[in-house]
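Every number in this text was worked out from the coordinates using simple rules, so none of it is lab data. Bear in mind that the values here come from a model prediction, so they are computed numbers and not experimental data. For neighbour counting, all protein chains shown are included, and Cβ atoms are generated from backbone atoms with ideal geometry for every residue, glycine included.
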Amino acid sequence: MKHFLRNILSAAAVVISAVSCDKNETTPDVSLPVTHFNLDGTWELVEWNGEPLAEGTYAYIELTRQGEFSSYSNIESTSLVTTVRTGVYDIDQDDNSVGGYYDYMDYQQWAHRYVVSGLTVDGMTWTAADDPSEVRIYSRIDAIPEGIVPPDNTEK
């Protein structure tokens, strides 16, 4: 009986080790709910409408749990200086969309509301609700790189 139990336990150990996860396997990213808490952080625009950003251009957005944002970009600038914009954003839980208003120009509204999809701890996709060809892919970063917002060289 001892040999039988030992053989059963040995076989069970082999089966468990065979079906356990391989250390080289990656676990799929789990989509997070679109909330202020999960959007909170610093994000870098890495792809716009299916293309990476042109060399030398950048766009970053910082989103807070309090529904505030700051964006830093040189995409719209002809002289490639950083344009800084701040304001507030909201989330529509019905369609997982975000929209916002800029602090300047009497709280001008963003050009689009964006449906957020594929939100993970590392990235997310924004698709304009009224224009599915407008797609932005963001990666989470620790902080905006130094020198992006020089105090004497910004446009608002």
Quiz item: So for SER71, SER133, SER77, fewest C-beta neighbours within 10 Å to most, what's the order?
Solution: SER133, SER77, SER71
Quiz item: How high is the relative contact order of region 43-156, given as a whole-number percent (alpha carbon pairs under 8 Å, six or more residues apart)?
Solution: 25
Practice problem: Identify, among SER97, TYR72, SER117, the residue whose Cα sits farthest towards the positive end of the charge dipole of region 36-145, taking +1 on the Cβ of Lys and Arg and -1 on the Cβ of Asp and Glu, with the dipole about the Cα centre. | Solution: TYR72
Exercise. Can you tell me the dipole magnitude for region 36-145 around its Cα centre, using point charges on the Cβ only (Lys, Arg +1; Asp, Glu -1), in Debye to the nearest 20?
Key: 180
Quiz item: In what sequence do LEU80, LEU63, LEU53 fall when counting other Cβ within 10 Å, fewest first?
Solution: LEU80, LEU53, LEU63
Practice problem: Find the relative contact order for region 98-141 and round it to a whole percent, using C-alpha pairs within less than 8 Å whose residues are 6+ positions apart. | Solution: 27
Quiz item: When the distances between all Cα atoms of region 36-145 are binned every 5 Å from zero, what whole-number percent does each bin get?
Solution: 2, 12, 21, 28, 23, 11, 3, 0
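What's the local net charge at TRP43, with K and R +1, D and E -1, over the other residues with C-beta under 15 Å away? Walk me through the numbers before you get to the answer.
Details: positive: ARG65, ARG85, ARG136, ARG140; negative: ASP40, GLU44, GLU47, GLU62, GLU68, ASP122, ASP142.
Cβ neighbours under 15 Å give a net charge of -3.
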Quiz prompt | Summed side-chain charge close to ILE61 - residues other than ILE61 whose Cβ falls under 12 Å, Lys, Arg +1, Asp, Glu -1 | solution = -1
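Could you work out the local net charge near SER70, counting Lys and Arg as +1, Asp and Glu as -1, over the other residues with Cβ closer than 9 Å to its Cβ?
Details: positive: ARG85; negative: GLU62, GLU68.
Net charge around SER70: -1.
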